[in-house]
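Participant: Before we start, here is the structure in question, set down as structure tokens.
The values are calculated or read from the model by the stated rules, or taken from the named source; none is laboratory data. What you see is a predicted model, and the numbers here were worked out from it, not measured in a lab. Cβ: placed from backbone, ideal geometry, glycine included. Neighbour counts: every protein chain shown. For the accessible areas, the whole protein counts, side chains as well, though only heavy atoms, and no ligand, DNA or RNA atoms are used. Shrake-Rupley method; radii C 1.70, N 1.55, O 1.52, S 1.80 Å.
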Amino acid sequence: MEGWLYIIRYNRIGLQYSRKRYFILDGNCLKRFKSIPSSEADTQEQVRSAIIDSCIRITDEGRESSYRKVFFIFSLHNTSNHKDQLKLGATSPEEAAKWIHSLRDVARNPEANLVSCSKRKWQPFRAFDGVLKRTSKKESIDWISAASMHVHAMTSDVIAPSPWQIFGCQNGLRLFKESKERNSSGRRRWDDPPALMAVGVVDGTSEAIFQTVMSLGSSRSEWDFCFCGGSVIEHLNGHTDIIHMKVYNDWRAWGAHRRDFLLRRYWRREDDGTYVILYHSVYHRRCPPHRGYVRACLKSGGYVISPVNNGKESVVKHMLAIDWKLWKPYLPKPYARSRTVRMLERVAAMREMFKIKAGNSSSECPSENASDSDLPQIEKGTINKDVNIVIGEEKAGNEREKLSGCSSLMDLHNMSDEFYDVPDPIDEYQSDNEWTSDMSQESQYRETTQPKFSKAANFVKKFHDRTVHKKGYKDLQELSWEENVSHIYGSTLPNDSRCTLPCSWAAADPSTFLIREKSYLKDGQKGKAKGTLMEFIGADWIKSNKREDDLGGRPGGITQKYAVEGGPEFFFIINIQVPGTPMYSLAFYYMMSTPLEECPLLENFVNGDDAYRNSRFKLIPYISKGSWIVKQSVGKKACLLGQALQVNYFRGKNYLELDVDVGSSTVARGVISLVLGYLNNLVIEMAFLIQADTYEELPEMLLGTCRLNHLDAAKSVPIETMPDQRER
């Protein structure tokens, strides 16, 4: 693959700058040029390059702005040297997705992984001659088959009933309402605003629709008849920001005030080209309620834009659950519902806009407008350049042997011109899709500090904590939970097989999850899991001021008790580390009494290197009870954790622990921050397995499942109450 990309860096005084360079991905070698090489002599002249192998992790950093240019960022990280990384930007989400997919394929390619991570850890990037002549072990060649190279659609790996019921059809849109759960008396709970959804087909690519929905400029008035004005209040990261939107009040009741929204907006792109945009109301000190407006509350909402018909059309799902803050005696509930349905009809307006522009040959489609307005005119022909795939392996190998550049990712940077970033004259044009004018100047600098509370706030917090501990009463549920807590690693979260006790765990039904069958390599079929390989025996829900690693090696834990007894039991520990202040750790303990030799796939995983483990370990998530926004953010599709997040492995005498750092990905941080806000109302189910890529390894087998019932962050056990770590 080849094309123009931007190198994103920060100079020594903290200002961000970018450099446009031409990149060629040739085999497992990423080359950088100042211009398009026209001959072999130009290819060898002033080339800088780096090796892409199994030690390189590619992460999607999202959408950022630099000097009035919007980039879709992705980063390359060397897992054996955290200082060795490269940050690149493309001018469209599809272009960034192509590069991410190609780089990940190369990193997983057996022929490209000529250096194992264990060796790479002690040997930084070397000259290409020494790297290319080095042979790898047999285990490093056999761990990927052609099956894992395919990009699967965003289908579900979970069998679950649909929570939606159709109640009408209007303007060519199907209208759905969310089924409400029944309480103990058998009545439906209608206290919360009803969740409504409109589904329609739009004659446009998913990327063009995504750019259209994300725009807060004047072009939005072409389809959004509710939109009066909007701005970005704060840019949190590449996938999350805070936006303020005002809506027209043409259909409001007489005497009612105008409405506005302050929303947290999160987006991501799936591998099949589906875009997910989620909203929910928040409070922000920079945007208090405006005079003359009533701030409505968006409980849950967003868009799901899925490509169909070979990407020419898209299915758009628009969901809203709005509390309009109405006077109940004055206006009935059907009025609030009619206003929500009115807003959902924006999908029909968008459909008509795309239909007209697609039929008018003299006008450009929205996707072209959105892309071209974000970059200088001189770059239009290069960004839309077709992808060139290098097929001749022998030619690529010969070219690699002739290269004489350095192989570190840092060598692809330009340190000499970091203070000379003068935007092109065309950059002075402010497009509708850009949001730098709405953002504060703080977004141009790197955020290196976290907000600090005042001394008074800290004093109040400490006083409140002491008051809570001294209170003379406790809730019955809190008392029953504390009776089940034993401060031993592996048992801080109580077990409740009936799933009636809040903040508890149980094993989930394996038949809920779909796994690869014996004939998967031929027909791609998946079937219900029939059981688990290991037994779910314990869980931890702890918090600390720092990241807690290697829980299985702590004294007093479950694994250490069995290790002292010298039994044949083997433990598999999954420690999900949630960033924040404090940091939370959600750990699951699985045990197998039979020898590892009886399960070759698990044995290879336990004894394999980190690159092999990262390419095989999968998680299937499922939110069985919760709001639509959380279900949509988590999804129900299997994910290779090692390719999306940083995973640290700890091998003990009788255990293997996987410490999953959720904070290593901006996408994962956005999801987990959203989940934490709804944690008390969620029932989370998960399944863990090792991906089978060969016919001998099929069918797959679940390692274990779990069901978390209404977790509560306040009931997490502080690490200070656990056994002293210094005793190890």
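Participant: Pairs of alpha-carbon atoms within less than 8 angstrom and 6+ residues apart define the contacts here; what relative contact order does region 644-685 have, in percent?
Facilitator: 29 percent
Participant: Give me the percent of DSSP beta bridges within region 545-662 that run antiparallel, rounded to the nearest 5.
Facilitator: 70 percent
Participant: Under the Karplus relation 6.51 cos²θ - 1.76 cosθ + 1.60, θ = phi - 60°, what is the ordered set of whole-Hz ³J(HN,Hα) values for region 160-177, x standing for Gly and Pro?
Facilitator: Result, ordered by residue: 8, x, 6, x, 10, 10, 6, 10, x, 9, 8, 6, x, 10, 7, 10, 10, 10 Hz.
Participant: Given LYS246/LYS325; LYS312/LYS355; LYS522/LYS636; LYS518/LYS618; LYS526/LYS631; LYS312/LYS522, which pairs have Cα atoms separated by over 20 Å?
Facilitator: Violating the 20 Å Cα-Cα cut-off are LYS522/LYS636; LYS526/LYS631; LYS312/LYS522.
Participant: Follow-up. How high is the FRET efficiency from VAL564 to LYS625, r the C-beta distance, R0 45 Å, rounded to 0.05?
Facilitator: In this case the efficiency is close to 0.65.
Participant: So, taking all protein chains as they sit and a 1.4 Å probe, how much accessible area belongs to THR594, in Å² rounded to tens?
Facilitator: 60 Å²
Participant: With contacts defined as alpha carbon pairs under 8 Å and 6 or more residues apart, what's the relative contact order of region 276-345 in percent?
Facilitator: 27 percent
Participant: How many nm separate the modelled label positions at VAL683 and SER231, each set 7 Å beyond the Cα in the direction of the Cβ?
Facilitator: Label at VAL683, label at SER231, 4.5 nm between them.
Participant: Using mean Cβ contacts within 10 Å as the protection proxy, how do 345-351, 314-320, 559-565, 491-497 order, highest first?
Facilitator: Ranking the peptides 345-351, 314-320, 559-565, 491-497 by packing returns 314-320, 345-351, 491-497, 559-565.
Participant: Could you pull out every residue, at least 5 positions away or on a different chain, whose amide H is within less than 5 Å of the one on GLY62? Hs are placed 1.01 Å off N in the peptide plane, and Pro or chain starts have none.
Facilitator: Excluding prolines and chain starts, which carry no amide H, the hits are ILE73.
Participant: Using 0.36 nm per residue of separation minus the Cα-Cα distance, give me the extension gain between THR581 and HIS101 in nm, one decimal.
Facilitator: 169.5 nm
Participant: FRET efficiency for LYS653 and GLU535, Cβ-Cβ distance as r, R0 = 22 Å, nearest 0.05?
Facilitator: Efficiency, rounded to the nearest 0.05: 0.70.
Participant: Moving on. Determine the principal axes of the Cα atoms in region 203-344, then give the extent along each, sorted from largest to smallest and rounded to whole angstroms.
Facilitator: Reported extents, whole Å, longest axis first: 50, 33, 25.
Participant: A follow-up question, please. Multiply the residue gap between HIS284 and SER218 by 0.36 nm, knock off their C-alpha separation, and tell me the result in nm, one decimal place.
Facilitator: 21.3 nm
Participant: Kirkwood hydrodynamic radius for region 541-617: how many Å is it when counted over pairs of different Cα atoms?
Facilitator: Hydrodynamic radius (Kirkwood, Cα pairs) of region 541-617 is 14.2 Å.
Participant: Given a Förster radius of 41 Å and the C-beta distance between ASN11 and ASP549 as r, what FRET efficiency does 1/(1 + (r/R0)^6) yield to the nearest 0.05?
Facilitator: That pair, ASN11 with ASP549, gives E of 0.75.
Participant: Between LYS325 and ARG291, what length comes free when the chain is fully extended (0.36 nm per residue of separation minus the Cα-Cα distance, one decimal in nm)?
Facilitator: 10.7 nm
Participant: Keeping all protein chains in the complex and leaving out DNA, RNA and ligands, what accessible area do you get for PHE167 with a 1.4 Å probe, in Å² to the nearest 10?
Facilitator: Approximately 70 Å² of PHE167 is accessible to the 1.4 Å probe.
Participant: Starting from a Cα-only point model with no solvent, please compute log10 I(q)/I(0) by Debye for region 207-279 at q = 0.14, 0.22 1/Å.
Facilitator: The Debye formula, applied to the Cα set alone, gives -0.52, -1.06.
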